[in-house]
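Working notes for the structure below.
The values are calculated or read from the model by the stated rules, or taken from the named source; none is laboratory data. Because the structure is a prediction, the values reported are computed rather than measured. Heads up, the Cβs are rebuilt from the backbone with ideal geometry, glycines too, and the neighbour counts pull from every protein chain shown. Side chains included, ligands, DNA and RNA excluded: accessible areas come from the protein's heavy atoms. Shrake-Rupley method; radii C 1.70, N 1.55, O 1.52, S 1.80 Å.
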Amino acid sequence: MNTPKGRGVFAGRDIPGRTVIEISPVLVLDPMENEEHVQKTDLYNYTYNWPYTPPAKTAQSSGSKTPPVQTQALIFGLGSMFNHSNLQQNVGWERDVKNLLITYTALRDIKKGEELCISYGPRLTFKDVEEENLETSPEDWTEVLNIIDLID
């Protein structure tokens, strides 16, 4: 389904808070391939920041050059389709770096037809239309978290 934000994910039924919505597998991108290729495509807009651990052979053969500690990851399933919202965030996500998974969980009760949104965090690569609707721009990121209606 399309929204003013682009494609989105919508609840097909009521979803109780704390429900696991999706467990998405992750493909961690090689930092060099990411920089040389993926960052130059639309695919880059669907990736997540991800910690990078170079393969043992690469780490030993790189000599004095320090490998990057972060790269991008492609999230399969619904994971790359959730739109961003700080004010209407109703889905949280947690990385499982060891098993290359992300688990998405309902932060509160979600009604059928409601868009499922996650927060991309404070460092966005696009203009956040919700920020324009805030009376003042938050000085501290915790101010945004206080706006979100989370389950107890």
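Only one of the numbered conditions (1) open to solvent by less than 40 Å² (accessible area, probe 1.4 Å); (2) closer than 16 Å to Lys5 by Cα; (3) at pLDDT 80 or above is violated by Asp128, and that is (3).
Restricting the stretch 82-125 to residues that are in contact with a Phe, Trp or Tyr (Cβ under 9 Å, 6 or more places away or on another chain) and without any contact (Cβ under 8 Å) to a residue 12 or more places away in the chain leaves a set whose member that is surrounded by the fewest Cβ atoms within 10 Å (Cβ to Cβ) is Glu94. When residues in the stretch 17-36 are screened for being of a type outside the set (A, V, I, L, M, F, W, C), in contact (Cβ under 8 Å) with a residue 24 or more places away in the chain and open to solvent by 70 Å² or more (accessible area, probe 1.4 Å), 1 of them pass. Specify the residue that is farthest from the chain's Cα centre (by Cα); the eligible residues are those in the stretch 37-54 that are closer than 16 Å to Gln70 by Cβ and free of Cβ contacts under 8 Å to residues at least 40 places away in the same chain. Among those residues, the one meeting the criterion is Pro54.
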